[in-house]
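Notes follow the structure.
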Amino acid sequence: MEKSNRRRRIIKSLQIEKLSLNYICWFDGDHMWEKDYITELFSDFNCRHIYLNKKNNLDLDKKILAFVINEDGLQNRESEYQKFITKYKPKILVHLSDEYLICKDLVSKLYPQFDLVLRQHTMYYYNYEGNNVKRIPFGFMKKFTSNSDKIEYKDDKKYNWAFIGNIKNKFVKERLDRETMIKNFKNYSNNFFVSENIPYNKVYEIYHDTIFIPSGRNLLSGKINHPFIEEPVYQDNNRIYDAIVSGAIPLVAGEEKEKNICFQDCVPPLIKGKNWEEILEKIKIMNEEDIKNRINIQKEWWIGIKKDIKERIKNLLL
């Protein structure tokens, strides 16, 4: 009898748990590089993840809390995701994208259907007036870390600075920006690590063992009418957040007005300057205590911005 009652209690408990589950539906599979980052943002809400692709049907008996889409998944598939939104009515849209937004017209159709939109990038050239949009940091790569809140300072770091990324880029402005950056930092210190291509699960090890990470810019798109740069480039990229999570210090060069447009209300605590020469003058006078304090400031900001995002999600579940 006791064994039978225990079995019934377990079954009931599992049924209750199933009813309380919130599902995160990823449109077009689980290949997105932000997978671990977004999973971490929803980690407090008893969520499980479903990955849809062209082979899957949409007949799911689930309570969908959030719908995750990528810029690539938007093009030519409007009817598919609109069918999903209409049927399951998810509360949250997580809109991942590159620096530019190709499908701008679809935003005005998508965003009003959700209580909350979490999106990367400011997308300053597309002004959506709704107050349901929350700008989130670019994030960190998949398999980069198992806990991005565990930010630790490492004594006796191996490198003074490091850059991992494409230097010989086909886009002129981006290539010149990075070449100038590398040249200046090589003059600053020959204790560095530079690579255009290493396995991403090794990047954390390099950054954790490095003091400064000059970020460089990413290209936007020649089709975008940038307000003050002929060939548009963009300060924000995952290198900034990879550095913060690794316990290194990201560095960004550019005019203040560029920073305000790129980051708006989601500005990381960066060491900034108009150019790399100005930044180098700032970091040359930093001692070990300054470096530790800067990493602690970055840690507080990162944990705080994630807490704010989670509060917005939590409020929808109350």
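Short version: ³J(HN,Hα) in whole Hz for each residue of region 293-301, in order, from phi by Karplus 6.51 cos²θ - 1.76 cosθ + 1.60 (θ = phi - 60°), x for Gly and Pro, what are they?
Residue by residue, region 293-301 yields 4, 4, 5, 5, 4, 4, 4, 4, 5 Hz.
List, in order, the whole-Hz ³J(HN,Hα) value for each residue of region 235-251 obtained from phi through the Karplus relation with A = 6.51, B = -1.76, C = 1.60 and θ = phi - 60°; use x for Gly and Pro.
5, 7, 6, 5, 4, 4, 7, 4, 5, 4, 5, 7, x, 10, 10, x, 10
Using the Cα gyration tensor of region 231-318, with a ≥ b ≥ c the square roots of its eigenvalues, what is the shape: rounded (a/c below 1.5), prolate (a/b larger than b/c) or oblate (neither)? The partial results should precede the final answer.
On the way: a/c = 2.79, a/b = 1.42, b/c = 1.97.
Note, shape of region 231-318 comes out oblate.
Taking the DSSP beta bridges in region 159-302 as the whole, what percent of them are antiparallel, to the nearest 5?
Roughly 15 percent of the DSSP beta bridges within region 159-302 come out antiparallel.
Sorting His49, His121 on the 10 Å Cβ count, fewest up front, what's the list? Intermediate values should be presented prior to the final figure.
Working: His49 15, His121 24.
Going from sparsest to densest Cβ surroundings: His49, His121.
Under a 5 Å amide H to amide H cut-off, with H placed in plane at 1.01 Å, what residues pair with Ser97 once short-range neighbours are removed?
Hits under the 5 Å cutoff: Glu71, Gln120.
Relative to a virtual label point 7 Å from the Cα of Glu205 in the Cα→beta-carbon direction, which members of region 238-253 show backbone nitrogen distances below 20 Å?
242-249
Give me the net charge for the shell around Ser148: Cβ to Cβ below 11 angstrom, other residues only, Lys and Arg +1, Asp and Glu -1.
Numbers: positive: Lys150, Lys299, Lys306; negative: Asp36, Glu40, Asp149, Asp242.
With Lys, Arg at +1 and Asp, Glu at -1, the net is -1.
Using Cα pairs closer than 8 Å and at least 6 residues apart in sequence, work out the relative contact order for region 159-302, in percent.
Values: 204 pairs, mean separation 31.9, N = 144.
Relative contact order, region 159-302: 22 percent.
Using 7 Å Cα-to-Cβ label points, what is the Glu255/Lys310 separation (nm, one decimal)?
In this crude spin-label approximation the distance works out to 3.9 nm.
With the Cα gyration tensor of region 159-302 in hand, convert its eigenvalues to equivalent ellipsoid semi-axes via √(5λ) and list them largest first in whole Å.
Numbers: eigenvalues 105, 63, 45 Å².
Output for region 159-302: semi-axes of 23, 18, 15 Å.
Taking amide hydrogens as modeled 1.01 Å from N in the peptide plane, which residues meet the under 5 Å criterion relative to Val133, leaving out close sequence neighbours?
Under 5 Å from the amide H of Val133 lie the amide H atoms of Val117, each far enough along the sequence or on another chain.
Along the positive direction of the dipole of region 159-302 (beta-carbon charges: Lys, Arg +1; Asp, Glu -1; about the Cα centre), which of Leu251, Asn237, Phe212 reaches farthest?
The one lying farthest along the dipole's positive direction is Asn237.
Lys and Arg at +1, Asp and Glu at -1: add these up for the other residues within a Cβ distance under 11 Å of Leu93 and post the number.
On the way: positive: Lys91, Arg119, Lys134; negative: Asp115.
It works out to a net charge of +2.
Give me the one-decimal nm value for the distance between modelled label points at Glu288 and Asp155, 7 Å along each residue's Cα-to-Cβ direction.
Label-label distance for Glu288 and Asp155, simple model: 0.7 nm.
Can you list residues from other chains, or at least 5 along the same chain, whose modelled amide H is less than 5 Å from the amide H of Lys143?
Asp36
Give the order of Ile167, Ile313 when sorted by the count of other beta carbons within 10 angstrom, beginning with the fewest.
Working: Ile167 15, Ile313 22.
In increasing order of surrounding Cβ atoms, one gets Ile167, Ile313.
Throughout, read-outs are computed from the coordinates displayed, never taken from laboratory work. Bear in mind that the values here come from a model prediction, so they are computed numbers and not experimental data. Methodologically, a virtual Cβ is constructed for each residue, glycine included, from the backbone with ideal geometry; neighbour enumeration extends over all protein chains shown.
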